[in-house]
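The values are calculated or read from the model by the stated rules, or taken from the named source; none is laboratory data. Just so we're clear, the structure is a prediction, and the values are computed from it rather than from any experiment. Because the Cβ atoms are built from the backbone with ideal geometry, glycine has one as well, and the counts that use them run over all protein chains shown. The area values use the complete protein model at the heavy-atom level, side chains included, leaving out ligands, DNA and RNA. Shrake-Rupley method; radii C 1.70, N 1.55, O 1.52, S 1.80 Å.
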Amino acid sequence: MANSKNQIKGLTVKIGGDTSDLSKALEEISKKTKPITTELSSVNRLLKFNPDSAELLAQKQTLLSKAISETEDKLKLLKDAEAQVQEQFERGEVSEEQFRALRREIVATEGKLEGYKKEVQNTAEVQDKLGKASDEAADDIDDAGDAANDTAKDVKELKDAAKEADESTSKLGENLKSGLKTGFKAAAAGATAL
């Protein structure tokens, strides 16, 4: 790529009404893109260690959007320059190597733009999966809470039933005791009467 950039250096095109060196215009765009691509590389490196980080994925989306915007600007500049360089080539003002170098730069920029767009799509898919997994986890937690509440209700019902059984058993025991006392008294009275 460095060789094609060196061959682009001699190309002069009209950009926004001013005639200037194409390589200088591309340098201006590169100055804007370099910090973005550096930061994007850093975020990608961190995502290898923590691929589920919502913060890092959001930063990646933001940086990719900026990179796409800058790359689209560069591609527009290159395509605008291409028509002018084509005319210059036909007039013999630029060499065939310079024209091919410009075409290579266009192809490389288109490839980079496509790569960024695919990365945006892949990152969005990962974010969607994380969102769905988070929703499912929240649903599972809700279900576990409901099950715990149901279990607590069942335990309370069992406790109440055990208390009722205990009270019934106590009453039965008292009734039995009372009945036995009465029976013994009657038997004792009957035995005394004989």
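Quick notes on this one:
- Near pairs, Cβ below 7 angstrom, 6+ apart or cross-chain, from the range 114-133 (at pLDDT below 90) to any residue that is outside any helix (DSSP H, G or I): Leu130/Asp52
- Matching residues, the range 45-61, being free of Cβ contacts under 8 Å to residues at least 40 places away in the same chain and surrounded by 14 or more Cβ atoms within 10 Å (Cβ to Cβ): Leu46, Leu47, Ser53, Leu56, Gln59
- Residue match in the range 95-116 (condition: under 20 Å from Lys60 (Cβ atoms) and among the small types (Gly, Ala, Ser)): yes
- Yes/no for Ile68 being closer than 19 Å to Asn122 by Cα, part of a helix (DSSP H, G or I) and without any contact (Cβ under 8 Å) to a residue 40 or more places away in the chain: no
- Only one of the listed residues (Ala138, Ala161) is at pLDDT 65 or above and open to solvent by less than 60 Å² (accessible area, probe 1.4 Å). That residue is Ala161.
- Close pairs from the range 30-42: first of a type in the set (Lys, Arg), partner surrounded by 13 or more Cβ atoms within 10 Å (Cβ to Cβ), Cβ under 8 Å, at least 6 apart: Lys32/Glu70
- Residues of the range 89-113 that turn out to be surrounded by 16 or more Cβ atoms within 10 Å (Cβ to Cβ) and either farther than 21 Å from Ser30 by Cα or touching a Phe, Trp or Tyr at 6+ places or on another chain (Cβ under 6 Å) (or both), as a count: 3
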